[in-house]
Each structure stands twice: as structure tokens, then as C-alpha cells.
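Have a look at the structure below before the remarks.
The values are calculated or read from the model by the stated rules, or taken from the named source; none is laboratory data. Everything numeric here is computed off the predicted structure, so don't read it as measured data. Every residue, glycine as well, gets a Cβ built from its backbone with ideal geometry; the counts of neighbours run over all protein chains shown. All accessible areas refer to the heavy atoms of the entire protein, side chains included, with ligands and DNA or RNA removed. Shrake-Rupley method; radii C 1.70, N 1.55, O 1.52, S 1.80 Å.
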Amino acid sequence: MQIPQCNPLASYQQSKTEIDAAISGVLSRGIFILGEQVAAFEKEFADYHGAGHAVGMANGTDAIELVLRGLGIGAGSKVFTVSHTAVATVSAIERAGAIPILVDIDQRSYTMCPSSLDAAIKQHRSKDPGPHVDAIIVVHLYGQPAPNWRQISDMARNHNLRLVEDCSQAHGSQFGRTKVGTLGDAAAYSLYPTKNLGALGDGGICLTRDADLAGKLKGLREYGWTKRYVSEFSGANSRLDELQAAILRIKLKRLDRDNELRRSIANIYLSGIDNPRLTLPAQNEFCRHVYHQFVIRTKERDGLRRHLTDHGIGTLVHYPVPIHLQPAYHGRVPLSPLGLRQTEQAANEIVSLPMFPEMATDSVDKVVSILNNWTG
Ligand SMILES: *Cc1c(COP(=O)(O)O)cnc(C)c1O
């Protein structure tokens, strides 16, 4: 029995009849770009969050870039974020024309460390506030809302920084009673097939309470048009297509149920894994974790991965090389003056276990017992 780390095919099969019907509905209507399915999905996505306006995009990287541009971030702007994230977060900042400044993570949550952020803001901004609009991007990594959100949002207010959430791994997770994506000035989501809410191709979406910003984003995703063939500002082409929107409407109805399934798999892992060589993810009662990934850590990561592979269990590492050590960024991107020690240590020790809503309980049990048998 092989157990994959993730399984987007199983997610399609779960709703195959409904998805196939939705696809043929789109095909027979003959409208393929920005039609009624995209508009309906945007409305349902905003309603699901109980707030704001949603604007579909072609992918998560574009969603981040265009949110930044919509907020007025551009050449000369500084955007503070973590190095322990998908490259997309940082590449979007540079595509918006801004300078990414990378800060360390908190060792327990793997999300942004407020003291590292504070030092970076003091070094890179307070001395030279400049005329630019600057921002912070908080990444709710692995499905957990950043537990330090309040401290970070206080800093954003005190330093007049826009606050953006990268929710690409946290669809439907909650900070207290509030869903992520509605906490800051704006949020961006990837809808890549393996995400908690995933299309069957590329997709992305932005969410904001600010109606003017939402209107701007609709222009930015289509050549800066405010009406057809009239570009008021310079824009991109980043449209969500009708087929993906029709599929995503079906997947959105399942999101809470899928997240509950992920949480129950996580509970089996949390109560069953018992091996002194392994550190389990920290729990935070204020944060409703939706386990995009279930990440454990060990000093002997490569040996653990070999042991799991030998027993047919797939794993991945999210992420093996921090952004500031990647060839494209190394030595070039400014960092927090406190260094990125926790980021670098985590990258060497973390491993993501199999986690997807359709994972069978006996597969989860098998992973637990293979982990408990591991003696290093
Ligand atoms: C997946 C992901 C993205 C990028 O999304 P794409 O749809 O692949 O462009 C950005 N940020 C984070 C944290 C992600 O996990």
C-alpha cells in the first residue's frame, strides 16, 4: 500500500459527478473567461468569509502582486515578510516593484516572529520612512493563522504599514472567531490543486473589505481596464477562468467538511505519534488550524524520510531552502538584523507527513505506527 503525501485526484473523484456536470455546463454555455461562474464564485467566497469583496485571479502569485499594487506599493516600497514561505510570496513582492525584507519565524508556529520584524522595521524603515507605501505580508503557514497576529498588526498600525495576509495555505482557518483573510487590509489566496481549496488547474483570489480596492483589483487583473478597451492604469492579465470557477464553487461547499477531515487526521497524528526523536506541531487554542500540512521535525530528517519511503509513505519538505539562501535571492535581499536562525534550522529539520481529506484512517494509523517504530 502506497500512501501519497497529497492527493488532488482523490479530491476530484470525491465530487466527480458534480464537477463533470459543471464543466459540461460551462462548455455548453460557451463563455470561458469572466462570466457568471467567476462572478458567482467571487460572491460565494466573500459570503463564506462573511466580509468583503473577492476578486478572482489566475494564480496565487498574481493575487499577491496585484493586491500589493492595488494598495499603492511599487518601486521603492519595502515589504516585510518571512523567508520560510513559498518562493511565490517573495517573487510577487519583486514583481510589484518593491523590495522584500525577510524576517525570521517563531520556532513553535513557523510563522512571522514579531521581534525579528520589529528589528527589521527599525533598521530598514524608521530611519528612512520615505514617501513610499510600505507593507507587511503575514503568511498563515501550514493552515495555522499566525498566532502573533495582534502584535504584528499593532506594529503595522504604529509604523503606518499596510497589512496583507497570504492565505494560500489557510483557507477557512480562524483566528479566534474571525476567518483569516479578513484580518488585515487585504488577503491573497492561491487555489492551486493541492491547497485546502483547490482548482483543477491554476487559480487565485483576493479578498478585501475595501470596495475601492476591489474595484482597482478588477482593473489590475485585466489590462487596467475600467471599461472595455479603456485602460485607466497599467494592469496585467490575470483572470480566473469559468471552468475553474465552476469547479471551485463545488469545492467551496466542501471546504469546511474537508478541513474537519484534515483536523481529525491531525488529531490521530497528535494523539498517536509517540517517539522522543520527533517534535509535533504546537497547538494554539486561539487558532483554528486547518492543517494544510502536518509538519513534524527531527534532527535526523533524511533518515526519517528514508524510513518512511521504505514503507511506502510519501513525504515532502515545505520548504527545504529558505528564500534568502536560494540562488536567485542569496546575498541580494535585505534581512532582519537579528538574522534568520530559526528559519535556517527549521529548513533542515522539518518534514510534512501525508495529509489530505480523503486519506483513509488505516493509512493514518499506518503512518503513526511506522513513525513510532523508527529508532533513527
Ligand atoms: C501556493 C502558495 C503560493 C503561490 O500560489 P500559486 O498559485 O502557485 O501562484 C503563495 N504563497 C504560499 C504561502 C503558497 O503556499
Computed ³J(HN,Hα) along region 30-42: with the Karplus parameters 6.51/-1.76/1.60, θ = phi - 60°, integer Hz and x for glycine or proline, the list is x, 10, 10, 10, 6, x, 5, 5, 5, 4, 5, 4, 4
Taking only protein heavy atoms and a 1.4 Å probe, the highest-to-lowest accessible-area order of T375, T279, T315 is T375, T279, T315
Treating only Lys and Arg (+1) and Asp and Glu (-1) as charged, each at its beta carbon, one finds that region 105-249 has a dipole about its Cα centre, in Debye to the nearest 20, of 240
Quick note, region 144-228: a/c under 1.5 would make it rounded; otherwise a/b > b/c is prolate and the rest oblate (a ≥ b ≥ c, C-alpha gyration tensor); here it is oblate
Phi angles of region 59-74, converted by Karplus (6.51 cos²θ - 1.76 cosθ + 1.60, θ = phi - 60°) into ³J(HN,Hα) in whole Hz with x for Gly and Pro, give 6, x, 4, 4, 4, 5, 4, 6, 4, 4, 4, x, 7, x, 7, x
Over all directions, the chain yields a Cα convex hull whose mean projected area in nm² is 18.5
Once phi for every residue in region 257-272 is put through the Karplus expression 6.51 cos²θ - 1.76 cosθ + 1.60 (θ = phi - 60°), the whole-Hz ³J(HN,Hα) values, with Gly and Pro written as x, are 5, 4, 5, 4, 4, 4, 5, 6, 4, 4, 5, 5, 4, 5, 8, x
Burial-style ranking of 337-343, 160-166, average other-beta-carbon count within 10 Å with highest first, yields 160-166, 337-343
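Sum up the charges of everything whose Cβ sits under 10 Å from the Cβ of G35, counting Lys and Arg as +1 and Asp and Glu as -1, but leave G35 out.
Residues near G35 contribute -2 overall.
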Computed, not fitted: 222 nm per-residue ellipticity of the chain from DSSP H runs ≥ 4 (each -39500 (n - 2.57)), nearest 500, equal to -12000 deg cm²/dmol
Ranking M1, M355 from most to least accessible area with a 1.4 Å probe gives M1, M355
Lys pairs in region 162-262 with Cα under 15 Å (8 or more apart in sequence, or on separate chains) total 4
For region 246-376, shape from the Cα gyration tensor axes a ≥ b ≥ c, cut at a/c of 1.5 then a/b versus b/c, turns out oblate
Taking max minus min of the Cα coordinates of region 1-46 on each principal axis, largest first, gives extents in Å of 43, 26, 15
With the dipole of the chain defined by +1 on each Lys or Arg Cβ and -1 on each Asp or Glu Cβ, the option from G312, L243, P337 whose Cα lies farthest towards the positive pole is P337
With the 1.4 Å probe rolled over protein heavy atoms, the chain has an accessible area per residue in Å² of 41
If every Lys and Arg gets +1 and every Asp and Glu gets -1 at its Cβ, then about the Cα centre the chain yields a dipole, in debye to the nearest 20, of 340
Taking every C-alpha to C-alpha distance in region 73-172 and binning by 5 Å from 0, the per-bin percentages run 3, 14, 27, 27, 19, 9, 2, 0
